[in-house]
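Enquirer: The structure is given below, and queries will be raised subsequently.
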Amino acid sequence: MVELSTRALEANDDEMRLFQQLFKQHIGMHLPQSKKALLCSRLSKRLNELGLNSFRAYYEVIAAPTAAEERQRAIDLITTNETYFFREPRHFDFLRAQVLPKASRTEPLRIWSAASSTGEEGYSIAMLLDAERHDAPWEVYGSDISQRVLRFARRGVYPMGRGEHIPPDYLKRYCLRGNGAYAGQFLVEQRLRECVQFGQLNLTDLPRHLGPFDVIFLRNVIIYFDMPTKTQVVQSVVQHLKPGGWLLVGHSESLHGMALPLQMHAPSIYRKPA
């Protein structure tokens with residue numbers, strides 16, 4: 001007999017449509033039919049833990065107005081959070097060469113990592129700012145929809161493989177090699193961790209008072225939205241960008257066809273007119 005804890009469950013098409021509607025409603029995520037296998041693999045263990053024998057039963061649990069905590073758990077399980085330090089390095093080169101030399105040395109330079117996942121992007125930005133702007137004020141804010149990855153980000157402990165793209169001098173300066181129970185991992189130093197603030201935000205429902213920011217990293221997240229939601233999210237994010245500020249999206253993402261108050265500086269790099 002197969003134990004309950006290892007039993008794989010399958011969603012039918014009607015159940016898949018229920019989850020598509022739920023994730024679209026709560027986080028704006030477009031979950032295509034082709035992702036049904038992913039949904040099943042990510043959620044089956046949780047259904048087993050709750051003793052539920054169908055995805056419809058789990059949907060009825062998390063769709064209830066009073067089920068915010070369990071619904072957040074489902075969101076944490078289904079959202080993809082693959083990232084690493086200094087991903088898409090051309091953006092960091094641009095920040096170093098084009099943005100920092102022209103930034104005020106007296107006013108804080110504020111940068112938002114709008115889909116920070118487990119924190120690698122936010123800490124990458126912080127390393128660069130500390131190295132290049134150590135005598136001028138700066139702030140980094142990282143946000144994500146998932147409380148699970150935010151807890152990971154605040155902890156600042158990563159497998160060594162995640163750091164293979166960190167410049168060697170930054171790795172030596174800002175990261176501590178683990179030993180004993182932490183062998184094979186490294187810790188972002190405490191001083192830098194304290195310079196990066198993390199918080200939960202839903203990009204489809206941003207608070208009015210958030211920015212303004214000089215630079216916003218909105219990378220590798222709008223690919224999970226359909227076109228109307230992409231446009232809504234980017235328009236909302238840009239409202240928190242200072243005039244003259246920069247918006248960076250993923251190299252595989254495009255803002256083509258969106259009515260936005262932005263000028264393209266280079267592929268994936270946009271500026272809000274001053």
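Every number here is computed from the coordinates shown, using simple stated rules; none is lab data. What you are looking at is a predicted structure, and each value in this text was computed from that prediction instead of being measured. Neighbour counts run over all protein chains shown; Cβ positions are idealised from the backbone, glycine included.
Enquirer: Among bridges DSSP assigns within the chain, what percent are antiparallel (round to 5)?
Expert: On the way: 12 of 30 bridges.
Close to 40 percent.
Enquirer: What does the charge dipole of the chain about its Cα centre add up to, to the nearest 20 debye, if the Cβ of each Lys and Arg holds +1 and the Cβ of each Asp and Glu holds -1?
Expert: On the way: 34 positive and 29 negative charges, 66 e Å.
With Lys and Arg at +1 and Asp and Glu at -1, about 320 debye.
Enquirer: If you don't mind, there's one more thing I want to ask. With the dipole of segment 94-212 worked out from charges on the C-beta (+1 for Lys and Arg, -1 for Asp and Glu) around the Cα centre, which of H209, A181, Y141 lies farthest toward the positive end?
Expert: A181
Enquirer: While we're here: Hey, what's the per residue convex hull volume over the C-alpha atoms of segment 6-45, in cubic angstrom?
Expert: Numbers: hull volume 2.4 nm³, N = 40.
Spread over its residues, the Cα hull of segment 6-45 gives 60 Å³ apiece.
Enquirer: For a quick size check, give me the Cα extents of the chain along its three principal axes, largest first, whole Å.
Expert: So the extents along the principal axes, rounded to whole Å, are 64, 53, 31.
Enquirer: I've got another one for you. Could you let me know the centre-to-centre spacing of segment 200-221 and segment 23-98, using Cα atoms, in angstrom?
Expert: 19 Å
Enquirer: Now for a separate question. Tell me which of N12, Q263, I27 sits at the most positive position along the dipole axis of the chain, charges placed on C-beta atoms (Lys, Arg +1; Asp, Glu -1).
Expert: Result: Q263.
Enquirer: Okay, next question. How large is ³J(HN,Hα), in whole Hz, for each residue of segment 150-165 in order, when computed from phi with the Karplus curve 6.51 cos²θ - 1.76 cosθ + 1.60 and θ = phi - 60°, using x for Gly and Pro?
Expert: 5, 4, 4, 4, 5, 5, x, 10, 9, x, 4, x, 5, x, 5, 9
Enquirer: Can you sort C175, C195 from fewest to most other Cβ atoms within 10 Å of each residue's own Cβ?
Expert: Details: C175 22, C195 16.
Fewest to most other Cβ atoms nearby, the residues stand as C195, C175.
Enquirer: Calculate I(q)/I(0) for segment 4-78 by the Debye formula, one identical point scatterer on each C-alpha and no solvent, and give its log10 at q = 0.13 Å⁻¹ to two decimals.
Expert: Each listed q maps to, in turn, -0.32.
Enquirer: Now for a separate question. For segment 193-274, state which trypsin sites (Lys or Arg not before Pro) are in a DSSP loop and have at most 13 other beta carbons lying within 10 Å of their beta carbon. Spell out each step's value before the answer.
Expert: Values: sites: R193, R208, R219, K230, R271; in loops: R208, R219.
Loop-located and lightly packed - R208.
Enquirer: Follow-up. Go ahead and estimate [θ] at 222 nm for the chain from helices alone: -39,500 (n - 2.57) per DSSP H run with n ≥ 4, summed, over the residue count, rounded to 500. Mind dumping the intermediate values first?
Expert: Values: 10 runs with 99 residues, N = 274.
Computed mean residue ellipticity for the chain: -10500 deg cm²/dmol.
Enquirer: Each residue of segment 53-65 in turn: what ³J(HN,Hα) in whole Hz from Karplus with 6.51, -1.76, 1.60 and θ = phi - 60°, glycine and Pro shown as x?
Expert: Each residue's phi maps through the Karplus curve to give 10, 7, 5, 4, 5, 5, 4, 4, 5, 7, 7, 5, x Hz.
Enquirer: Here's something else I'd like to know. Could you tally up the Lys pairs in the chain with alpha carbons closer than 26 Å? Skip any pair fewer than 8 positions apart unless they're on separate chains.
Expert: Taking the chain as the scope, the lysine pair count is 13.
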